Amino acid sequence: MIWLFPRLQLEGTPFYEGWHNQERILDVRFWRYLFFALALVSIAKGQFMPPAPTPVKWAQQHWALATLCFATAAAYCLPAILRARAYRYPAAVSLLVFCYLVAGTMVGFGKEHYLVTFIVIIVAAWCLRTSVFSSVCFVAAAIYLQWDYSHLAGVSQAVAVSFSSGVVVFVAIARSDYAGRIRYYVAEQTMLATQEQAIEISIEFSDRIRAFLPKEISNRVTREIVEAQLSVQQAVEAVLRPKDQQICCLFTDIRGFTRGTKENAAFVSDGVIPNVVRCSRLVENHHGIPRKVGDLLFAYFDDSSSKANIVRCLSAAYEIVEANARFNQTNAFGLNIRRYLLVSTGTARVGNLGGLDTSIEISAEGQPVDLLGQMDQLTKSPQFREHVNETDIVLCPESANLVRQSGLECHLRQISLLQLGAPSLTLGGVETLWVLPMTEANKQNLIDAADALADVPLSSMTALSSNARETLL
C-alpha cells in the first residue's frame with residue numbers, strides 16, 4: 001500500500017504541509033523550464049525536420065504542441081495555480097495532450113518510428129514527478145489516447161499490448177523511488193525535530209543553571225558551549241575546575257546588623273537585601289565573581305592581568321561606597337547601612353570548591369581570603385573607626401603595592417596597626433594597612449583607569465557576541 005500511495009507515510013505526522021510545500025516549489029520550478037524547452041523543441045522540429053510521408057497537418061500539429069507548452073509554462077507563473085492544492089493537474093493534462101499530439105505526428109513515419117511514442121510516455125510520466133499509482137494511471141490514459149494512432153501506424157495489437165505492458169511495469173519500477181524520498185524526508189524531519197527539541201532542552205537547562213551562577217561565570221560557561229562545543233555540564237566543569245590563581249579580593253560586611261534588625265523590622269527586607277543585591281550587581285558589572293552570605297559580600301577578580309584585577313576591584317569598591325551613601329541618604333525608612341570596604345591581593349584557590357557531588361560552591365580559599373577575615377575583625381574596634389571612614393577603602397600592603405606598580409596615581413594613606421591598638425596580623429606579618437580615601441582626585445583616577453581597561457579585551461574571558469544564543473539553536 002505504501003508503495004502505491006507513498007503519502008500515507010505522512011499521515012499522522014506534522015510534516016505533511018512541509019513536504020507538500022517543498023514538493024510544490026520544486027515541481028513548479030521544474031515544469032516552468034520543462035514546458036518552455038518542449039515548446040522550443042516543437043517549433044524547431046516543425047520547421048527543420050522533414051514532414052511525414054503522409055502528413056496529417058504536420059505544421060499545425062507542431063504549432064499546437066508549442067502553443068500548449070508555452071501556455072502551461074505561463075500558467076505556472078500565476079499565483080492562483082501556485083497556491084492551488086491541485087497544482088499538478090495542468091502539467092498532467094498538458095503532458096497527456098503532448099503525448100497524444102506526438103503520436104499524431106509519428107503516424108506517417110511507420111510502425112518503426114511510432115514506437116518512439118512509448119518512450120515519450122515514459123519520459124512524460126517521469127516528468128510528472130508523482131507516485132507509482134498516479135504515474136501508472138497517467139501511462140494508462142496516455143496509451144488509451146494513442147491507441148488508434150498505433151493502428152494507423154501499422155503496429156499490431158500484440159506488439160502494442162506488449163509495449164504498453166512493458167511501459168507500465170517500467171514506469172512503476174522507476175517511480176518506486178518516490179516512496180523512498182518521502183520516507184527519507186520523514187526521517188530527516190524527525191531527526192531535525194529531535195535535534196531542535198534537544199537544543200531547546202539544553203538551552204532551557206543552561207538558562208536554569210546560569211540563573212544560579214554569577215554573571216561572569218555564566219558568560220564563561222556560555223563561551224565554552226559556543227566556542228569549544230561542550231555540553232552544559234562539561235562547560236560548567238571546565239570553568240569551575242579549582243585552580244590556583246593570582247586574585248584581588250573584596251570584602252564588605254554590614255556593621256551593626258544585629259542591632260538594626262532589633263530596632264527596625266524593615267531593616268532586612270527593605271534595607272539589607274536590596275543593598276546586598278545592588279552591591280553584587282556592581283561587582284558583576286566589573287567582571288567580579290561575588291558570593292553573598294547574609295549581609296556579607298565577598299568577591300574576587302581573577303583575570304590573568306594583575307592590573308586589571310586591582311582596577312576592577314577598586315572600581316567596584318568605589319561604586320559600592322557611592323551606592324551605599326546614596327541609599328542612606330534617600331531611603332524612605334530612615335535606615336542606615338554601615339559598611340567598610342576591604343581589599344586584599346594574593347594567590348588563592350578559586351572555582352567550585354564544593355565538588356560535584358554536592359551543591360556548587362564558587363569561592364576562593366587561601367592567604368588573601370584569610371587576611372580579609374582578620375582585617376574585618378579590626379573594623380569592629382573603636383580605634384579603627386577613628387582612623388577610617390565608611391567612604392574609605394582599606395587595602396593590604398600587597399594591594400597597595402599593586403596600585404603603585406599599575407600606575408594608578410591614587411593617593412594612599414598608611415595606618416599602623418599599633419595606632420589601632422591591635423597586634424600585627426598573623427598572616428604574612430602584616431603591620432600596616434593602607435587607606436584609599438574617596439577624594440575627587442582618587443575617584444577620577446579610578447574612573448579613567450576603568451574606562452581605559454574597558455577598551456581592552458579580557459585576558460581570561462572574551463566578551464560574548466550578541467548572537468551567541470542563536471549559534472546554539
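Below is a table of values for the structure above.
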item	result
Per-residue ³J(HN,Hα) for the stretch 403-417, Karplus 6.51 cos²θ - 1.76 cosθ + 1.60, θ = phi - 60°, Hz, x for Gly and Pro	4, 5, 5, 7, x, 6, 8, 9, 7, 10, 10, 8, 10, 7, 5
3J(HN,Hα) from dihedral phi, the stretch 340-350, Karplus parametrisation 6.51/-1.76/1.60, rounded to Hz, x for glycine, proline	10, 9, 10, 10, 9, 9, x, 8, 9, 9, 10
Among 303-316, 383-396, 8-21, the order from most to least packed when residues are scored by Cβ within 10 Å on average	303-316, 383-396, 8-21
Sequence of 176, 131 once ranked by neighbouring C-beta atoms within 10 Å, starting from the fewest	176, 131
Three-way shape label, the stretch 242-460, alpha-carbon gyration tensor, a/c 1.5	rounded
Highest-first arrangement of 360-368, 25-33, 97-105, 154-162, where packing means the average Cβ count within 10 Å	97-105, 360-368, 25-33, 154-162
Electrostatic dipole magnitude of the stretch 6-175 [Cβ: Lys, Arg +1; Asp, Glu -1; Cα centre; debye, to 20]	280
Cβ-based net charge around residue 425, under 15 Å, with every Lys or Arg adding one and every Asp or Glu removing one	-3
The stretch 227-235 - phi-based ³J(HN,Hα) in whole Hz, Karplus 6.51/-1.76/1.60, Gly and Pro as x	8, 8, 6, 8, 6, 4, 5, 4, 5
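Each value in this text was obtained by applying a stated rule to the coordinates, not by laboratory testing. As the structure is a computational prediction, the values presented were derived from the model and not from experiment. Here Cβ is always computed from backbone atoms with ideal geometry, including for glycine, and neighbour counts include all displayed protein chains.
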